[in-house]
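Everything on this sheet refers to the single structure shown next.
The values are calculated or read from the model by the stated rules, or taken from the named source; none is laboratory data. Fair warning: this is a prediction, and the values are worked out from it, not measured in the lab. Neighbour counts run over all protein chains shown; Cβ positions are idealised from the backbone, glycine included.
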Amino acid sequence: MTIGNQICIHMKLFRLYRLLKFLSKCSYFLFFLFLITSCNKTQKNTNQVFRYNESSGIPTLDPAFARNQAIMWPVHQLYSTLIEVDEQMHFTPLLAKHWEFSADRKTIRFDLRTDVFFHDDPVFKGGKGRKMVATDVSYSLSRIANPATASPGAWIFNNRLHPSQPFEAPNDSTFLLHLIDPFQPILGMLTMPYCSILPREAIEKYGTDFRRNPVGTGPFRFQAWEEGQGLVLTRNDHYFEKDGQGRAYPYLDGVYISFYESKATEFMEFTQKRLHFINDLDASFKDEILTHSGKLKKSWEGKLSLQKHPYLNVEYLGILSAEANPALAHSPLAMLKIRQAIQHSIDRKKMMFYLRNSIGTAANSGFLPLGLPSYDSSEVKGYDYDLLTARKLIREAGFDEANPVPAIKLITVPAYVSLASYVANSLKQSGLTVSVETMQKSLLLEQTSRSQIPFFRGSWIADYPDAENFLGVFYSKNPAPPNYTRYANASYDSLYEKALDEQVDSIRFQYYRAMDKMLMNDAIVIPLWYDMVIRLVQPEVNGFYPNSLNMLELRTTRLN
C-alpha cells in the first residue's frame, strides 16, 4: 500500500470517528467499511483490513477479564505479555528479552525490552504513548492478583506468590517475580491474556470504563466500538516487533470485528467474501462443507482453504470416585472392571467419522491431548475398541445374563445428546444399560462441583500449554472444580508435586506420562477425542496460521 493510500485511510478514519455521534449504530460501521476500501478501490488488494465475526459478542477489552475466546482474541491484538508460546508450544520472549530462575527457583528475573511504547492515548502527556517499564509489569500483575479487581484470572497466582513482596521492579528494565515454592508451570501462566501489560494511568483515568478504552502495547490499537454492531482496531505504527527482513509487524492496516449472532448469517457473509475466515463449523452446515473423512467437498475446493490443527482440548466422560460419595459404593461404576469395560466398548474412530466429520483425533491414548509437548502415544496407551474384552471384564466383575449390570445414567448438556446416545448404544453392545439425561450447562457444573453426578460428559481446554494444566484436574488436593471426579491417589499426588518442582523438561514430561498412565489404569476418566482447530479461510489470506491454543494471530497476516 502506498503512503498516499495510508494517509487517505487514516484521515478518513479520523473524520469518521468525529462523526460517530451523528451516525446511527448500523450505518456507522457500514460507512467505516466503505471508507477504508474507497481510497484506492480500483487497485486490487490495497485494502489490508482483516474481517471476522464474533457471534457471542465482546463484553470487555480489559485483559483482567479475558476469560473466554471471544475476549481473548481482540485482547491478544491490543496487548502483549512478558513471554508467549510459538507454533510448537515453546515459550519465547516478547516484552521480556530473556529470563532466568534463581538457584532455589523461587525467583524469576526478567530482563525487559527498552523499545516498547504504549499506544497513543489521552491518558499520556500530549497524547503520545510513553515507554513501558518494569513498574508497569508489577502494576499489571498486581492488579490481577488484587481481590478488588475481581479478575477471573486471579486463580493463576493463588498460593503461588510470596506474600510480602511478590513483584519487584529494581529498575526500569528488570522485573522480579517471587514465588513461595518452585513452580515451573508459572511460565505458561504468564503467557495467558490475563497477564497482559497495561499502564496505571489508563486504569486511574477510565476506571470501570477501561473495558472500552483499552491501552496496551500490542500490534493493533483501539479505534472505535459500537456494542452489538462492530469493533474497529487499527495498526499500531509504533509496534516493536519486526520480521526477518526488518519490516515492522503487523502487515495489516486494521481489524474489523462484526457481531452477527446468527451462525447462518456469519456463514453467508463468509461465502460472499465479507469475512476472511470462520472459526469452527456449525453443525447446521458442517456436512455441507466436509466429507466424513474431514476433507473439503469437491464443490468447495478452490473456493476456500481448510485449516486443521491440534487443539489443546480433550472431550471426555468423567466418573465420580466412590470415596467422594458413599452412595456410589454399590454402583457398578465403583468397580474397576466395569469402568475398563466402558472404555473398551466405545469405538472412538467410528464416532469421529460419523459424528464429527473427523474433526479431532480419537483418544486412544491418555487424558493429555495431542499438541502438548509432553504428549506421547507410544508410551501412554489408552483403550482400544474391543467388545470381547469388554464382555469378559463384565463377567469377571460378577455379572451375566441372569445377573445383569444395574442401569447407569449418563448426564450431558443438550448440545452433546447425540454423542451421549452414541455412547449409550455402544455400551449396550457389551451388555451395559445406559440412559441419557440432559441438563443445562450451569446446572451440570453446579451438581458436578457438589459431587452429585456419578457419570457425566465433560471437556477440558488448556489455559496454558503445560500438561500440569490437565493433570491438576485429578490432584486430590484440588477441589471441584477442577477435580470433578474427586480422584484421589497418593502415588499420583506425589508425582504431581515432583513435576511442579522439576525444571528439566524431559524429566518433568516423564512424570506427566506416568501420571497419565495411572489415570488410564484406574479408568476414572474416559477420553473420547482430542480436539482440533478447524478454520475456513478465504484464498487471499496469507500468513494466517492456527495454533494449539486457538489464539487468533494476525501479526504475520497479509491479504493478497
statement: Residue count, the stretch 290-337, condition among the β-branched types (Val, Ile, Thr) and either loosely packed, with under 15 Cβ neighbours inside 10 Å or out of contact with any strand residue (DSSP E or B) (no Cβ under 9 Å at 6 or more places or on another chain) (or both), comes to 1
query: Can Tyr530 be described as modelled with pLDDT of 95 or more, closer than 27 Å to Val423 by Cβ and touching a Ser or Thr at 6+ places or on another chain (Cβ under 7 Å)?
result: yes
- line: Wholly inside the stretch 175-285, helices (runs of 4 or more DSSP H) that include 2 or more residues that are under 18 Å from Asp136 (Cβ atoms) and in contact (Cβ under 8 Å) with a residue 40 or more places away in the chain are 200-206
task: Scan (1) outside any helix (DSSP H, G or I); (2) closer than 25 Å to Asp237 by Cβ; (3) free of Cβ contacts under 8 Å to residues at least 40 places away in the same chain for the single condition Asn159 breaks and write down its number.
output: (2)
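For the stretch 101-116, how many residues meet the condition of being of a type in the set (Asp, Glu) and either surrounded by 15 or more Cβ atoms within 10 Å (Cβ to Cβ) or touching an Asp or Glu at 6+ places or on another chain (Cβ under 8 Å) (or both)?
As a first pass, look at the stretch 101-116 and keep what is of a type in the set (Asp, Glu): 104, 111, 115.
Of the ones still in play, those that are also either surrounded by 15 or more Cβ atoms within 10 Å (Cβ to Cβ) or touching an Asp or Glu at 6+ places or on another chain (Cβ under 8 Å) (or both) are 111.
Here the count works out to 1.
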- prompt: Which one is nearest to the chain's Cα centre (by Cα) among residues in the stretch 145-159 that are surrounded by fewer than 18 Cβ atoms within 10 Å (Cβ to Cβ) and of a type outside the set (A, V, I, L, M)?
  reply: Pro152
task: Might you let me know whether the stretch 163-170 holds any residue that is at pLDDT 95 or above, among the small types (Gly, Ala, Ser) and more than 27 Å from the chain's Cα centre (by Cα)?
output: yes
field: Of all residues making up the stretch 288-309, the number that are closer than 25 Å to Val417 by Cα and either polar (S, T, N, Q) or in contact with an Asp or Glu (Cβ under 8 Å, 6 or more places away or on another chain) (or both)
entry: 2
task: Tally the residues that are of a type outside the set (Gly, Ala, Ser) and farther than 16 Å from Ile526 by Cα, restricting the search to the stretch 394-423.
output: 13
- request: Check every one of the strands (runs of 3 or more DSSP E) wholly within the stretch 1-100 and list those with 1 or more residues that are out of contact with any Ser or Thr (no Cβ under 8 Å at 6 or more places or on another chain) and either modelled with pLDDT of 50 or more or surrounded by 12 or more Cβ atoms within 10 Å (Cβ to Cβ) (or both).
  value: 91-93
query: What pairs come up if the first residue lies in the stretch 386-400 and is farther than 9 Å from His344 by Cβ, the second is surrounded by 12 or more Cβ atoms within 10 Å (Cβ to Cβ) and among the β-branched types (Val, Ile, Thr), and their beta carbons are under 7 Å apart, counting only those six or more places apart or on different chains?
result: Ile394/Ile338; Ile394/Val405; Ala397/Ile338; Phe399/Val405
query: Mind checking which residues of the stretch 281-323 are aliphatic (A, V, I, L, M), within 25 Å of the chain's Cα centre (by Cα) and closer than 30 Å to Gln452 by Cβ?
result: Ala283, Leu312, Val314, Leu317, Ile319
task: Select from the stretch 336-384 the residues that are more than 23 Å from Val85 (Cβ to Cβ) and among the hydroxyl-bearing types (Ser, Thr, Tyr) and write down the one among them that is farthest from the chain's Cα centre (by Cα).
output: Ser345
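Can you tell me which residues in the stretch 286-311 are assigned to a loop (DSSP other than H, G, I, E, B) and not β-branched (Val, Ile, Thr)?
His292, Ser293, Gly294, Lys295, Lys297, Gly302, Lys303
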Breaking point among (1) surrounded by 17 or more Cβ atoms within 10 Å (Cβ to Cβ); (2) modelled with pLDDT of 95 or more, for Ser142: (1)
Leading residue by the ranking (farthest from Lys97 (Cα to Cα)) among those in the stretch 117-139 that are surrounded by fewer than 17 Cβ atoms within 10 Å (Cβ to Cβ) and charged (D, E, K, R): Lys125
Hey, Arg486 within 25 Å of the chain's Cα centre (by Cα), in the same structural domain as Asn364 (by TED's automatic domain parsing) and at positive phi or not: yes
- request: Return yes when Asp172 is in contact with a Ser or Thr (Cβ under 9 Å, 6 or more places away or on another chain) and surrounded by fewer than 16 Cβ atoms within 10 Å (Cβ to Cβ) and no when it is not.
  value: yes
message: Can you tell me which condition Leu552 does not meet? The list is (1) over 30 Å from Ser305 (Cα atoms); (2) in contact with a helix residue (DSSP H, G or I) (Cβ under 6 Å, 6 or more places away or on another chain); (3) crowded, with 16+ Cβ neighbours inside 10 Å, and all the others hold.
response: (1)
- prompt: Which residues, taken from the stretch 499-523, are under 23 Å from the mean Cα position of the chain (by Cα) and aromatic (Phe, Trp, Tyr)?
  reply: Phe509, Tyr512
- request: Would you check if Pro214 is closer than 30 Å to Asn469 by Cα and in the same structural domain as Ala150 (by TED's automatic domain parsing)?
  value: no
message: Pairs needed: first member in the stretch 354-366, closer than 14 Å to Leu312 by Cα and surrounded by fewer than 22 Cβ atoms within 10 Å (Cβ to Cβ); second member anywhere, among the polar types (S, T, N, Q) and at pLDDT 95 or above; C-beta distance under 9 Å; at least 6 residues apart or different chains.
response: none
query: Hey, among Gln223, Gln229, which residue is outside the structural domain of Lys498 (by TED's automatic domain parsing), surrounded by fewer than 20 Cβ atoms within 10 Å (Cβ to Cβ), farther than 26 Å from Gln503 by Cβ and in contact with a helix residue (DSSP H, G or I) (Cβ under 6 Å, 6 or more places away or on another chain)?
result: Gln229
message: Given the criteria under 22 Å from the mean Cα position of the chain (by Cα), within 21 Å of Val314 (Cα to Cα) and outside any loop (DSSP other than H, G, I, E, B), does Leu410 qualify?
response: no
- request: Test Thr135 against the criterion of being of a type outside the set (Lys, Arg) and in a helix (DSSP H, G or I), and give yes or no.
  value: yes
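Is it true that Arg457 is within 35 Å of the chain's Cα centre (by Cα) and buried (at least 20 other Cβ atoms within 10 Å of the Cβ)?
The answer is yes for Arg457.
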